[in-house]
Amino acid sequence: MTSIEYLTLDVADTAAAHDFYTDAFGLAGQVRLRESQEATTGFRGFTLSLTAAQPADVNALVDAALAAGAAPLKPVTKSLWGYGGVVRAPDGAIWKVATSAKKDTGPATRRFDQLVLLLGVADVAASKQFYVAHGLTVAKSFGRMYVEFAGGSSPVKLGLYRHRALAKDAGVSPEGTGSHRLAIGGTSGPFTDPDGFAWQAASPVLAS
């Protein structure tokens, strides 16, 4: 089964981005950074989500991100599905931090259970077929609105959402041009999906 081993974000300053992701989320192997000045404007067509166990953990993660330099896009709040908020990292990537739990069951931590990559696509059904053909297994599917693929032991779970709906969920305009500034390191590839998201064959971490 195809899985995602890590994500590579294109950033203008790798040292600054490394400091942010370490300080804000404690991310290690799941996110790699690559220096790039490739042009991009507006919504890049994807969001990254951290799912936590309880509201206190969501607050702790969002507070840490804001303290490290993130900009708020949606304040942390309760909803029908749970509790969460959205921030934009200094490099421009959009991060949602959320939980389906309504109440805290322990002291606050900055732990998260899952990192989820949501791709905003033009045609969910067509993109689902594309990814199934490339070795991914559908876990949940809601017609032409949303698809979630089985993650197995993968560090990163993948989902597909309609482009405009994903932008609305993130609290931004759906308009955008240029590079996605994202590469997906998977167990199959390289290939590019119908919406221009590039996959690369996963490579091991090089010793420094």
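Computed from the coordinates by the stated procedures, all read-outs in this text should not be read as laboratory data. Only a predicted model underlies this, so the values are computations on that prediction, with no experimental measurement involved. Virtual Cβ from ideal backbone geometry, glycine too; neighbours counted across all protein chains shown.
Quick check on the exposure proxy: order Glu175, Glu148 from fewest to most C-beta atoms within 10 angstrom.
Neighbour counts put them in this order, fewest first: Glu175, Glu148.
At 7 Å along the Cα-to-beta-carbon direction for both Met145 and Ser173, put a label point, then send me their distance in nm to one decimal.
The answer from the label model is 2.7 nm.
If the chain between Asp23 and Leu73 were fully stretched, how many nm would it gain, using 0.36 nm times the residue separation less the Cα-Cα distance?
Extra length from Asp23 to Leu73 when fully extended: 16.1 nm.
Taking a 18 Å limit on the Cα-Cα distance, which of the listed pairs Lys74/Lys140; Lys74/Lys157; Lys78/Lys103; Lys102/Lys168; Lys96/Lys140; Lys102/Lys157 fall beyond it?
Lys74/Lys140; Lys74/Lys157; Lys102/Lys168; Lys96/Lys140; Lys102/Lys157
Using only the alpha-carbon atoms, what does the chain span along each of its principal axes? Please give whole angstrom values in decreasing order.
For the chain, the Cα extents along the three principal axes come out at 43, 42, 34 Å.
Given the options Gly196, Gly84, Gly151, state which has the largest fluctuation in a GNM of the chain using a 10 Å cut-off (strictly under) for Cα springs.
Among Gly196, Gly84, Gly151, the largest GNM mean-square fluctuation belongs to Gly196.
Would you give the gap between the C-alpha center of segment 160-186 and the C-alpha center of segment 64-86, rounded to a whole Å?
18
For the chain, what does the helix formula give at 222 nm: sum of -39500 (n - 2.57) over DSSP H segments with n ≥ 4, over the residue count, nearest 500 deg cm²/dmol?
Counting only the DSSP helices, I get -6000 deg cm²/dmol.
Extending each Cα 7 Å along its Cβ direction at Leu80 and Thr109, get the distance between those two points in nm, one decimal.
For the pair Leu80/Thr109, the computed spacing is 3.2 nm.
What is the sum of charges, Lys and Arg at +1 and Asp and Glu at -1, for the other residues whose Cβ falls under 12 Å from the Cβ of Gly151?
Its environment carries a net charge of -1.
Give, as a single signed number, the net charge of other residues whose beta carbon lies under 12 Å from the beta carbon of Leu66, with Lys and Arg counted +1 and Asp and Glu -1.
My count for the surroundings of Leu66 gives -1.
Can you check what the net charge comes to around Thr77, using other residues whose Cβ is under 14 Å from the Cβ of Thr77 (Lys, Arg +1; Asp, Glu -1)?
Local net charge: +3.
If you count the DSSP beta bridges with both ends in segment 76-208, what percent of them are antiparallel, to the nearest 5?
60
Do any GluC sites (Glu not before Pro) in segment 1-73 lie in a loop, going by DSSP, with at most 11 other beta-carbon atoms within 10 Å of their beta carbon, and if so which?
Of the GluC sites (Glu not before Pro), the ones in loops of segment 1-73 whose Cβ has at most 11 other Cβ atoms within 10 Å are Glu38.
Pull up the DSSP beta bridges for segment 1-155 and report the antiparallel fraction as a percent, rounded to 5.
Here the share of antiparallel DSSP bridges comes out near 70 percent.
Can you list residues whose amide H is under 5 Å from Ala108's amide H, if they're 5+ apart or on another chain and H is modeled 1.01 Å from N?
The list, which skips near neighbours in sequence, is empty: none.
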